Amino acid sequence: MRTASADLLAVRTITADGSDIYLRITSSPVDLEIRWFRDDDHRVSGSPVLFPAGDSARRRIGSNFRAGTTFCLDVVGGTGTEDVWCGVVDWNVYS
């Protein structure tokens, strides 16, 4: 399992077939909606997943990715708060 806790919006690469993507928000002052998208094509993306403020549950935001897939995260929050959150992303894991 690969985990990143810095620069959550950076490009990541799936290395194993059938991999899933999970996210756990560790701190956010507002509700956030987060989705994955293919880093070279924003039209290819997952559905937004709601992360309520103060809820630190780990949620799956995508599944069954092929090896070699690259992805980024897209976040929607309250005005001006999109950069005021932190969390942990896990990928190359299976459900």
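Where a number appears in this text, it was derived from the coordinates with a stated rule and is not lab data. Keep in mind the model is a prediction, meaning the values are calculated, not measured. Virtual Cβ from ideal backbone geometry, glycine too; neighbours counted across all protein chains shown.
Arrange V75, V44, V30 by Cβ neighbour counts within 10 Å, fewest through most, would you?
Final ranking by Cβ density, sparse to dense: V44, V30, V75.
If each of D31 and C86 carries a label point 7 Å out from its Cα toward its Cβ, how far apart are those two points in nm?
2.5 nm
If I model a spin label at R58 and L9 as a point 7 Å from the Cα along the Cα→Cβ vector, what separation in nanometres do I get?
The modelled label-to-label distance comes out at 2.6 nm.
Residues in the range 27-58 near a label at D74, defined as backbone nitrogen under 13 Å from the 7 Å Cα→Cβ point?
33-49
Can you put Y22, Y94 in order of Cβ neighbours within 10 angstrom, beginning with the fewest?
On the way: Y22 18, Y94 11.
So the residues, fewest neighbours to most, are Y94, Y22.
Using the Karplus curve 6.51 cos²θ - 1.76 cosθ + 1.60 with θ = phi - 60°, what ³J(HN,Hα) values do you get for each residue of the range 29-37, in whole Hz, with x for Gly and Pro?
3J(HN,Hα) across the range 29-37, in whole Hz: x, 9, 5, 10, 10, 10, 9, 8, 8.
Please identify the trypsin sites (Lys or Arg not before Pro) of the range 29-95 that satisfy two criteria: DSSP loop assignment and at most 16 other Cβ atoms within 10 Å. Which are they?
Hits after loop and neighbour filter: R66.
Ordered by residue, what ³J(HN,Hα) values in Hz, to whole numbers, does the range 41-51 give under the Karplus form 6.51 cos²θ - 1.76 cosθ + 1.60, where θ = phi - 60° and Gly and Pro are x?
These are the phi-based 3J(HN,Hα) values: 7, 5, 6, 9, 8, x, 6, x, 10, 7, 10 Hz.
Would you calculate the separation in nanometres between label points at R24 and V49, each defined as 7 Å from the Cα along the Cα-to-beta-carbon direction?
Reported label-point gap for R24 and V49 is 1.3 nm.
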